[in-house]
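Data block below; observations after.
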Amino acid sequence: MKPISRRQAFALGGGFVALTLVPMAADAQVSNDAAQWIAKFTGGKEAAKGKISLDLPEIAENGNTVPLSLTVQSPMTAESYVKEVMLIADGNPNAGVATLMFSPLSGKAEAAVRIRLAATQNVIALAKMSDGSLFTEQKTVKVTIGGCGG
Amino acid sequence: MADKPRIKLPKEATKGEIIQIKTLVSHVMESGQRKDAQGKPIPRKIINKFSCEFNGKPVFACALEPAISANPYIQFTARVDEDGTFKFAWTDDDGTVITAEEKIAIKA
């Protein structure tokens, strides 16, 4: 490999700065589609606080893989169970993270996944019960290194 | 890609016991947000759906978005009332489905 000239080194450095700055600027201006995701899931109804315990690290050093686990209080019987839980990240390029579908056979409304977070932001969980009631919970995660690439 | 999914669950359970199931499948989960060295966007390729059935009945499923990390790890629970087989399926954007099966028995 040829040694990199001073000029090339500057060009590379400049390119890197541009690459890292542009997505950030875009994020700041355009909020993502979190509101649409929430509206679609809730059908415009208000979600009450509670029932969900959402476990996320306060500070995620690597946004590429952030462990998330959640539990929703529910007897999980055929009469009363958690139907769906939607996870939303309000600072990612796309707000949707995952939709978890439970059934009475799940036994417990408990799940864990690993998610990508582009920047420091809120992660929102919305749960829909079998009777149609809605619950919500949110956590802020500080992200040191973004997980969506540039 | 061709790697066998890793699934961890007990071989036996007492009737009505709620067991924990851990699954991990090797997959790039390309978000569609990244660009290659030439600045062209790398097309999205993710596993968009995971499902688990027990003796044909749905236990747990999830719809995944690009915000799920590479090599998706999914952990959930299941209530076991009878002997049977858990069937797992991961559906890729391109339509391929990775499947796996695990048996469980009720402790005598």
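Quick notes
- Restricting attention to region B:11-33 and to residues that are surrounded by 15 or more Cβ atoms within 10 Å (Cβ to Cβ) and over 22 Å from A:A112 (Cα atoms), the residue that is farthest from the chain's Cα centre (by Cα) turns out to be B:Q33.
- Strands (runs of 3 or more DSSP E) contained entirely in region B:15-108, each with at least 2 residues that are away from chain A (no Cβ under 13 Å): B:84-92, B:97-106
- Which listed residue is surrounded by fewer than 16 Cβ atoms within 10 Å (Cβ to Cβ) and touching a Leu at 6+ places or on another chain (Cβ under 7 Å), from B:K57, B:K4, B:K8: B:K57
- Scanning region A:30-77 for residues that are part of a helix (DSSP H, G or I) and exposed (fewer than 15 other Cβ atoms within 10 Å of the Cβ) returns A:A35, A:Q36, A:A39, A:K40.
- Residues that are of a type outside the set (A, V, I, L, M), facing another protein chain (nearest Cβ under 10 Å) and either over 13 Å from the mean Cα position of the chain (by Cα) or open to solvent by 10 Å² or more (accessible area, probe 1.4 Å) (or both), drawn from region A:81-92: A:E84
- Sole residue being modelled with pLDDT of 95 or more and either more than 7 Å from every other protein chain (Cβ to nearest Cβ) or more than 22 Å from B:G32 (Cα to Cα) (or both), chosen from A:A112, A:A95, A:A78: A:A112
- On inspection, A:Q121 does not qualify as out of contact with any Gly (no Cβ under 6 Å at 6 or more places or on another chain) and either open to solvent by less than 20 Å² (accessible area, probe 1.4 Å) or more than 8 Å from every other protein chain (Cβ to nearest Cβ) (or both).
- Among the residues making up region B:44-91, those that are more than 25 Å from A:A125 (Cβ to Cβ) and acidic (D, E) are B:D81, B:E82, B:D83.
- Test: residue in region A:4-12 that is modelled with pLDDT of 90 or more, open to solvent by 70 Å² or more (accessible area, probe 1.4 Å) and among the basic types (K, R): no
- Count of residues meeting criterion [more than 21 Å from B:I18 (Cβ to Cβ) and open to solvent by 60 Å² or more (accessible area, probe 1.4 Å)] in region B:94-108: 4
- Of the residues A:Q36, A:Q138, the single one that is away from chain B (no Cβ under 12 Å), touching a Leu at 6+ places or on another chain (Cβ under 8 Å) and closer than 30 Å to B:V28 by Cβ is A:Q138.
The values are calculated or read from the model by the stated rules, or taken from the named source; none is laboratory data. Keep in mind it's a predicted model, so treat the numbers as computed, not measured. Cβ atoms come from the backbone with ideal geometry, glycine included; neighbour counts cover every protein chain shown. What goes into the accessible areas is simple: the full protein's heavy atoms, side chains included, and nothing from ligands, DNA or RNA. Shrake-Rupley method; radii C 1.70, N 1.55, O 1.52, S 1.80 Å.
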